[in-house]
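Here is the structure we will look at.
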Amino acid sequence: MDTLMVLGGLQKLTVSDFPGHLAAILFTRGCNYRCPFCHNPELVDPRRYVDQISEADVFSFLGKRGEKLDGVVITGGEPTVHCDLPILLRRIKDMGLATKLDTNGSCPDMIEQIFELELVDYIALDIKSSPSSYSRAAGMPVDVDSIRQSIELICSSGLPHELRMTYVEPLVPFEELAGVAELARGCRLFLVQPFQPTKALDSQFLLLPRPPVEKLEQVRAALESLGVPAAVR
């Protein structure tokens, strides 16, 4: 997928999504994965797409931010499938705002490009599962080597970064955490976050319980024992 970007949402303020920054969140529409547990189905499933918001309105808002904002998070959907992502990031940087990118890591060439152009200040990559279960968790065939390449780029970039995983037990078998650790080893921080059964691409996943804190702590401890600096979000 290599398309022109459509913006599908704007959250005007977050105090938790960009460490150290008061930020807005821009949501891009469209994704090359179909993770059944995805909490933004209206940005992923064309049958549920929300209306486009105009770049003019977004940049008008950012231009009037005053002292309230100092950063912007670009998330989705999957921002890196859009060929004009560097243009969007450059416009934001030229306004004096810091940028954070959320990505599934499937497009290492785009990640490398925006690193070379120094367009991001912080990057977060979502690991879906172990290599053997990755395609099932992503809902699509996945080239795991591309994920490995993206992780290597991120971990060697010198940029502040995090890897993270939404823990959905049927898709991340506890016994496969060694495979997750193999992907994540070398990262600065790995965050384990619970699946929230409030919204999902596949409605069957709404029947799953939220993983208990005890289970998340077991996952964190297992990753730590495998050499990954992990925390529960």
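The values are calculated or read from the model by the stated rules, or taken from the named source; none is laboratory data. Computed from a prediction, not measured in an experiment: that's the story for all the values here. When we count neighbours, we look across all protein chains shown, and the Cβ atoms used for this are built from the backbone with ideal geometry, even at glycine.
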Residue 137 meets each of (1) farther than 29 Å from residue 206 by Cα; (2) buried (at least 22 other Cβ atoms within 10 Å of the Cβ) with one exception, condition (1)
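Just wondering, is there one or more residues in the range 126-147 that are touching a His at 6+ places or on another chain (Cβ under 6 Å) and not in a loop (DSSP other than H, G, I, E, B)?
No, there is no match, as no residue in the range 126-147 is touching a His at 6+ places or on another chain (Cβ under 6 Å) and not in a loop (DSSP other than H, G, I, E, B).
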Going through the range 148-178 in order, the residues found to be more than 17 Å from residue 232 (Cα to Cα) and assigned to a helix (DSSP H, G or I) are 148, 149, 150, 151, 152, 153, 154, 155, 175, 176, 178
All conditions in (1) surrounded by fewer than 20 Cβ atoms within 10 Å (Cβ to Cβ); (2) at pLDDT below 95 are true of residue 189 except (2)
Those residues of the range 222-233 which are more than 22 Å from the chain's Cα centre (by Cα) and either more than 17 Å from residue 128 (Cα to Cα) or part of a loop (DSSP other than H, G, I, E, B) (or both) amount to 225, 226, 227
Counting only residues in the range 46-76 that are touching a helix residue (DSSP H, G or I) at 6+ places or on another chain (Cβ under 8 Å) and among the aromatic types (Phe, Trp, Tyr), the one surrounded by the fewest Cβ atoms within 10 Å (Cβ to Cβ) is identified as 59
Counting only residues in the range 197-221 that are in contact with a Phe, Trp or Tyr (Cβ under 8 Å, 6 or more places away or on another chain) and in a helix (DSSP H, G or I), the one farthest from residue 41 (Cα to Cα) is identified as 218
Filtering the range 76-101 down to residues that are without any contact (Cβ under 8 Å) to a residue 60 or more places away in the chain and assigned to a strand (DSSP E or B) yields 99, 101
Scanning the range 18-51 for residues that are in a loop (DSSP other than H, G, I, E, B), without any contact (Cβ under 8 Å) to a residue 60 or more places away in the chain and of a type in the set (Val, Ile, Thr) gives 50
The lone condition residue 106 fails out of (1) surrounded by fewer than 19 Cβ atoms within 10 Å (Cβ to Cβ); (2) touching a residue at least 24 places away in the same chain (Cβ under 8 Å); (3) of a type in the set (S, T, N, Q); (4) assigned to a loop (DSSP other than H, G, I, E, B) is (1)
Filtering the range 144-160 down to residues that are farther than 28 Å from residue 203 by Cβ and surrounded by fewer than 21 Cβ atoms within 10 Å (Cβ to Cβ) yields 145, 146, 148, 149, 152, 153, 155, 156, 157, 158, 159, 160
Verdict on residue 181 being farther than 23 Å from residue 43 by Cα, in contact with a Leu (Cβ under 6 Å, 6 or more places away or on another chain), modelled with pLDDT of 95 or more and not β-branched (Val, Ile, Thr)
yes
Counting only residues in the range 57-75 that are in a helix (DSSP H, G or I) and farther than 15 Å from residue 28 by Cα, the one nearest to the chain's Cα centre (by Cα) is identified as 62
Checked 201, 207, 163 against criteria (surrounded by 14 or more Cβ atoms within 10 Å (Cβ to Cβ), out of contact with any Leu (no Cβ under 6 Å at 6 or more places or on another chain) and modelled with pLDDT of 95 or more); the one match is 201
